[in-house]
1. Arrange SER86, SER65 by Cβ neighbour counts within 10 Å, fewest through most, would you?
2. Count charges around SER86 for me, please; just the other residues with Cβ under 11 Å from its Cβ, Lys/Arg as +1, Asp/Glu as -1.
3. Let me check I have the definition right: for the chain, take the eigenvalues of the Cα gyration tensor, multiply each by 5, take square roots. What are those semi-axes in whole Å, largest first?
4. Under a straight-distance cross-link criterion of Cα-Cα below 16 Å, which aspartates and glutamates are reachable from LYS74, leaving out those fewer than 8 residues away in the same chain?
5. Counting helices only, and only those DSSP H runs with n ≥ 4, report the 222 nm mean residue ellipticity of the chain as the sum of -39,500 (n - 2.57) divided by its residues, in deg cm²/dmol to the nearest 500.
Amino acid sequence: MLEITAVELKQRLKNNENLVIIDVREDWEYDEVNLGVRNIPLGDLPQRLEELPDKQTEIIVHCQSGRRSGQAQKYLTQQGYSKVISLKGGIEAYLRHA
């Protein structure tokens with residue numbers, strides 16, 4: 001499983017890299033705190049694949065703690081997406097390193 005740490009993600013954002021980041025938490029969780037990225041809840045992912053870029057593009061997925069993003073990563077990989085990376089520790093880790 002490919003993972004990125006909160007520190008690595010923050011550095012890539014600081015470097016203004018053009019990243020595709022998907023928040024797979026529920027809408028209400030996203031509304032409480034978010035990184036300003038696209039929100040596609042894990043349960044909606046199968047019906048919303050057309051919103052994702054091509055299957056060769058790197059996609060970073062995150063959730064609250066890392067469990068759901070791991071599930072999203074597994075699902076997307078099964079669908080043929082080759083560069084899916086999960087944020088280790090989720091948004092909780094990201095906020096701890098703010």
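1. SER65, SER86
2. Charge balance in the 11 Å sphere: +3.
3. Result for the chain: semi-axes of 19, 16, 12 Å.
4. Answer for LYS74, where 16 Å is the Cα cut-off: GLU3, ASP23, ASP44, GLU58, listed by chain and number.
5. -9500 deg cm²/dmol
No lab work stands behind these numbers, since they all come straight from the coordinates. On a predicted model such as this, the values are computed, not experimentally measured, just so you know. With ideal geometry, Cβ positions are generated from the backbone for all residues, glycine too; neighbour counts draw on all protein chains shown.
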